[in-house]
């Protein structure tokens, strides 16, 4: 699987660790930056780059990191077809994929440590959507919201 990963200045160090870890799990990584944490940057820019890779098919999933995870999660979820979830625990990282077909893992570099982040990335990348009827039904409702057709 190809994973697109991006982070602002606050998430740079954690991103660097995650890039190597994700590669060690056998995945290809498309790193969209930031590449210089000393330069001013804005997390929505990295959300847009990761999302563009997913929507174009260059990547199947994404990982985004900022200080808290909140800002980049809000930005990523503005894009149609993106289901980004902030995860700071193992259960949410795999359950978000299994039940909600989460395609972007979001983490806060100022909230969790490296070991937890590596564990969460592994859980996220090894999980698969279950296709259970109740989860498919709920995803259809989310798609309806995206289309402004929710009833």
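FYI, it's all coordinate maths here, none of it is from the lab. Bear in mind that the values here come from a model prediction, so they are computed numbers and not experimental data. We place every Cβ from the backbone using ideal geometry, glycine too, and count neighbours over all the protein chains shown.
On a C-alpha basis, how far is the centre of the range 48-73 from the centre of the range 86-151 in Å? Whole number, if you could?
Their Cα centres are 13 Å away from one another.
For the chain, take the longest principal axis of its alpha carbons; what is the angle in degrees between that and the long axis of helix 133-146, to the nearest 10 within 0 to 90?
Tilt of helix 133-146: around 70 degrees.
If we restrict to alpha carbons, what Rg and Dmax does the range 4-151 come to, in Å?
Rg then Dmax for the range 4-151, in Å: 14.6, 47.
What is the angle, in °, between the Cα long axis of helix 12-24 and the longest principal axis of the Cα atoms in the chain? Nearest 10 is fine, range 0 to 90.
The angle comes out near 70 degrees.
Going by how many other Cβ atoms sit within 10 Å of their own, how do 2, 34 line up, fewest first?
Details: 2 16, 34 23.
Ranked by crowding around the Cβ, least crowded first: 2, 34.
If we sort 131-137, 67-73 on the protection proxy, mean other Cβ atoms within 10 Å, highest first, what's the order?
Details: 131-137: 10.6, 67-73: 21.0.
With the highest mean Cβ count within 10 Å placed first, the list reads 67-73, 131-137.
Would you mind ranking 111, 86, 5, 145 so that the residue whose beta carbon has the fewest other beta carbons within 10 Å leads the list?
By the 10 Å Cβ count, ascending: 145, 111, 86, 5.
Against the longest principal axis of the chain, how steep is helix 90-100, in degrees 0 to 90 to the nearest 10, with axes from Cα atoms?
The two axes meet at around 40 degrees.
Taking the Cβ of each residue in 54, 112 as the centre, tally the other Cβ atoms inside 10 Å and list the residues starting with the fewest. All intermediate terms of the calculation are to be shown ahead of the outcome.
On the way: 54 22, 112 18.
Exposure proxy ranking, most exposed first: 112, 54.
For a protection proxy built on the mean count of beta-carbon atoms within 10 angstrom, sort 6-16, 38-48 highest first, please. Present the calculation step by step, with values, prior to reporting the outcome.
Details: 6-16: 22.5, 38-48: 17.2.
Averaged packing, sorted descending, gives the order 6-16, 38-48.
Okay, helix-only estimate at 222 nm for the chain: each DSSP H run of n ≥ 4 adds -39500 (n - 2.57), divide by all residues, round to 500 deg cm²/dmol; what do you get?
On the way: 6 runs with 72 residues, N = 151.
When only DSSP H runs of four or more count, the value is -15000 deg cm²/dmol.
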